[in-house]
1. For A:Y25, B:Y42, A:Y36, what's the fewest-to-most ordering of other Cβ within 10 Å of each Cβ?
2. Taking the Cβ-Cβ separation of B:I124 and B:L27 as r and a Förster radius of 30 Å, what is the calculated FRET efficiency to the nearest 0.05?
3. If each residue of separation counts as 0.36 nm, what is the full-extension length gain between B:V112 and B:A39 once their alpha-carbon separation is subtracted?
4. List the lysines whose Cα lies under 22 Å from the Cα of B:K85, skipping any in the same chain that are fewer than 8 positions away.
5. Using the number of other C-beta atoms within 10 angstrom as an exposure proxy, rank A:M56, A:M44, B:M28 with the fewest first.
6. Take the alpha-carbon centre of segment B:84-125, take the same for segment A:36-54, and report the distance between them in whole Å.
7. Please state the shape class of segment B:20-137: rounded when a/c is under 1.5, otherwise prolate if a/b exceeds b/c and oblate if not, all from the C-alpha gyration tensor.
8. Amide H of B:F60 versus every other amide H placed in the peptide plane: which residues, excluding those fewer than 5 positions away on the same chain, fall under 5 Å?
Amino acid sequence: MLCTLIARSFGPRIGGIFAAFPAVYLAALLSLKLDYQGQQLVEMSVHVSEGALVGMLANIICAVAASRLILTKGWQRGLWQALLIWLIAATCIYMTWKLVFV
Amino acid sequence: MADSSNLYLYDLEVGVCMKHSGFLLDLMLRFLLGGGAVAGCYLLLLILPWKSFAGIFAAFPAVLASAVIMSGWLEGREAASQLAKGATAGMLGCTVCVAVTLWGLLAGIEWVWAIVLSIPAWLISSLIFISLVKKER
C-alpha cells in the first residue's frame, strides 16, 4: 500500500522504482519462517534467494521489453508478451547456470 | 445553466469514483498477483526437487504488472511505458537486494538481519541506478 501511495505521489519515473519493490521475494522469505527453523530456514532461504536472483535478472529484461513492447503493441499485449519473455528468460538463465556452474 | 452545472458535478463525481475504484482495483491486483506468486513459490518449493527453481517465482514482477495495468488503463500506453522504463532501475535495485540477502545468508549473518539489510540496499542502489539512467539520456 505504501508503495502504491509513493508511486502515485512522485510520478511515473520515481513510481517505477517503487513499482519494482521486491514485495513478493520478501514475503516468500518471511513465509518460510512459518515452516522452517534454524539451519533449515537458512538453507531454504538460500535456495529461494538463488532462484530469485535468476528471476530478478529476468525482471530487468522484462522491464526493458515491457517499456518497448507497450509503446508498439499497446499496454495489454505488451505486458503479456513482456511477462512471457520474463518466464522464458528466467528458465534459460536458470538452466544455463545449472548446466555451466553446478 | 442548472443543467450544465449538474452535468459538471456528475462528471466530477464519475471522475472521483473512477479514481477511487482505480485505487481499490490497484490494491486488489497487487494483493492477488503478489499473493498468488508467494503461494505458487511455496507450492513449487514443496513439490519440485530443484528448490532454487521455485525461487524464480519469488521474483515474479507482480508489483510491476499491476502498476502497468493501472497506468495503462488510467493514463494510456505512454505513461505505462515510462513506468516500465523507470522500473528497470528498480529491477537492478532488486537484484542488488537479493544479492545482499544471499551474501548475508551465506556469510552467516542472522536470518532476520540479512533481510533487514537488503531493504536499504535496495533503496540506495535503486536511487543510484535511476540517477544513472537519467544521466544517460
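1. On the way: A:Y25 31, B:Y42 20, A:Y36 15.
Ranked by crowding around the Cβ, least crowded first: A:Y36, B:Y42, A:Y25.
2. Numbers: r = 27 Å, r/R0 = 0.90.
According to the calculation, E is roughly 0.65.
3. Values: separation 73, 0.36 × 73 = 26.28 nm, distance 2.11 nm.
Between B:V112 and B:A39, full extension yields 24.2 nm more.
4. Once the sequence-local lysines are set aside, what remains near B:K85 is A:K73, B:K134, B:K135.
5. Working: A:M56 28, A:M44 19, B:M28 11.
Sorted ascending by nearby Cβ count, the order is B:M28, A:M44, A:M56.
6. 14 Å
7. Numbers: a/c = 2.29, a/b = 1.26, b/c = 1.82.
Judged from the Cα gyration tensor, segment B:20-137 comes out oblate (a/c at least 1.5, b/c at or above a/b).
8. It is none; the list stays empty.
Each reported figure results from applying straightforward, stated rules to the coordinates on display, with no laboratory input. This one's a predicted model, so the numbers in the text were calculated from it and none came from an experiment. Cβ atoms come from the backbone with ideal geometry, glycine included; neighbour counts cover every protein chain shown.
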